[in-house]
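Participant: Quick one: the structure is below, questions incoming.
The values are calculated or read from the model by the stated rules, or taken from the named source; none is laboratory data. In this text, all values refer to a predicted model and were calculated from it rather than measured experimentally. Positions of Cβ are backbone-derived with ideal geometry, glycine not excepted, and every protein chain shown enters the neighbour counts. Heavy atoms of the whole protein, side chains included, go into the accessibility calculation; ligands, DNA and RNA do not. Shrake-Rupley method; radii C 1.70, N 1.55, O 1.52, S 1.80 Å.
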Amino acid sequence: MSNTLKPPGDNSRDIISHLQELIATNTAPISRFLKRAIYKVRRTIYAIPPVKSFADQAYATKVARYKASLPKLNAEDQAILETLQKTGTFSIPIEDLQLESTQAFLKTMANLVAELKDVPAKDQVLMDLDPGKFKERPEVFLWGIEQRFLNIIEHYIGLPIYYHGCSLRRDIVTNRSASDSVRSWHLDGEDRTVVKIIVYLNDVGLDGGHYEYIPKDLTQETVKKMNYYLGYLDDQTIMNCVPKKDWQGCIGKLGTVIITNTSHIFHRAKPPEKEDRFSISFCYTSNKPPYSWGCASFPENLEQIQNQLNEKQRNVLINKNKLFGMKL
């Protein structure tokens, strides 16, 4: 195996074995339970004021030190970054990104959506595609680590980043309530800053289950007012703090790309009313996240496509938080 796959400063582990361990770890229910339990304990400890203050200062120091290492952005990507910093969300048609990998990506997604559409919905609210379906489809993986995305996200997070994988989901039209799912308002907690890229795989209108969020400034006010910590919130709870007129919705045609900070803005997938919504989400954090998203969507033939990856792309596959990351 080529030494180019070995992470800097760690000759004992290569990316292939690292991803294999990730896949094995995240397919074990007991492991997932332990990871969640330890994560909750860690969150509780870090909420203690003196501990939080120390952690915040240490984090700010890390970000300041890394600033000189951030990649340069062109004017267009700088505009995307500034929108993210201001509102927490940016939306754009996929063709406007002008990525060479988009055509192959969309062709594969059309096939995977057709597979997911053929699965009987039964009494489900949400349906995820088996992550194993991505293993022989490196074009999905490659689109998610396009250098343009990585540069913008690294700037936004302010630290080296980690790519958690992707998830293809079908949001189903149903009368069932789902108070403990992504259809309810929540913040993501994998890391201090979590960025997700969501791509609509069908046309999504106001009654089609669009991504909905509360702008960053209003979210911050709501978090303080409610003393919010973790968990899902219903519409009425949010409405008590934020008028419905201030809720923001992302509608768009097939191929609409939404880049959003799901850890700093309240968000949800609004329940679809007329037709199911199909979308794929890619998740990114710093390379030392307290918790791993857990989508083992990496290709089996990574060794064969390694020459297509630059050093930055190889590095985003490494989760350096060995205690609270993938080993638990």
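Participant: What is the Cα coordinate range of segment 226-273 on the first, second and third principal axes, sorted by size from largest, in whole angstrom?
Facilitator: Result, largest extent first: 37, 23, 18 Å.
Participant: If you roll a 1.4 Å probe over the heavy atoms of the protein chains, what accessible area per residue do you get for segment 215-303, in Å²?
Facilitator: Here the residues of segment 215-303 average 44 Å² of exposed surface.
Participant: Using the Karplus equation 6.51 cos²θ - 1.76 cosθ + 1.60 (θ = phi - 60°), what ³J(HN,Hα) coupling, rounded to whole Hz, does each residue of segment 228-237 give in order, writing x for Gly and Pro?
Facilitator: Per-residue couplings from phi come out as 5, 10, 8, x, 9, 10, 8, 4, 5, 4 Hz.
Participant: Shifting gears a bit: Keeping all protein chains in the complex and leaving out DNA, RNA and ligands, what accessible area do you get for Trp185 with a 1.4 Å probe, in Å² to the nearest 10?
Facilitator: It works out to around 0 Å².
Participant: Give a residue-ordered list of calculated ³J(HN,Hα) values for segment 114-131 (Karplus: 6.51 cos²θ - 1.76 cosθ + 1.60, θ = phi - 60°; whole Hz; x for Gly, Pro).
Facilitator: So the J values, rounded to whole Hz, are 4, 5, 5, 5, 7, 6, x, 6, 6, 10, 7, 9, 10, 9, 9, 6, 3, x.
Participant: Hey, what do the phi angles of segment 80-93 turn into as Karplus ³J(HN,Hα) couplings, whole Hz, using 6.51/-1.76/1.60 and θ = phi - 60°, x for Gly and Pro?
Facilitator: Listing the rounded values in order: 4, 4, 5, 5, 4, 5, 7, 10, x, 8, 9, 10, 7, x Hz.
Participant: Let me ask another. So how do 190-200, 131-141 stack up, highest first, on mean other-Cβ count within 10 Å?
Facilitator: 190-200, 131-141
Participant: Separate question: Given the protein chains as shown and a 1.4 Å probe, how many square angstrom of Ser69 are accessible, to the nearest 10?
Facilitator: Accessible area, nearest 10 Å²: 70 Å².
Participant: Another question about this same structure. Take the residue pairs Lys196/Lys224; Lys196/Lys245; Lys52/Lys225; Lys253/Lys274; Lys224/Lys312 and return only those whose Cα atoms are more than 27 Å apart.
Facilitator: Correct reply: Lys224/Lys312.
Participant: Once you've got the Cα coordinates, tell me which of Lys107/Lys133; Lys107/Lys320; Lys122/Lys270 are over 26 Å apart.
Facilitator: Among Lys107/Lys133; Lys107/Lys320; Lys122/Lys270, the Cα-Cα distance tops 26 Å for Lys107/Lys320.
Participant: Order the peptides 224-231, 313-320, 121-128 from the highest to the lowest mean number of other Cβ atoms within 10 Å of their residues.
Facilitator: For the peptides 224-231, 313-320, 121-128, the packing ranking is 313-320, 121-128, 224-231.
Participant: Rounded if a/c is under 1.5, else prolate if a/b is larger than b/c, else oblate: which is segment 105-181, with a ≥ b ≥ c the root eigenvalues of its Cα gyration tensor?
Facilitator: oblate
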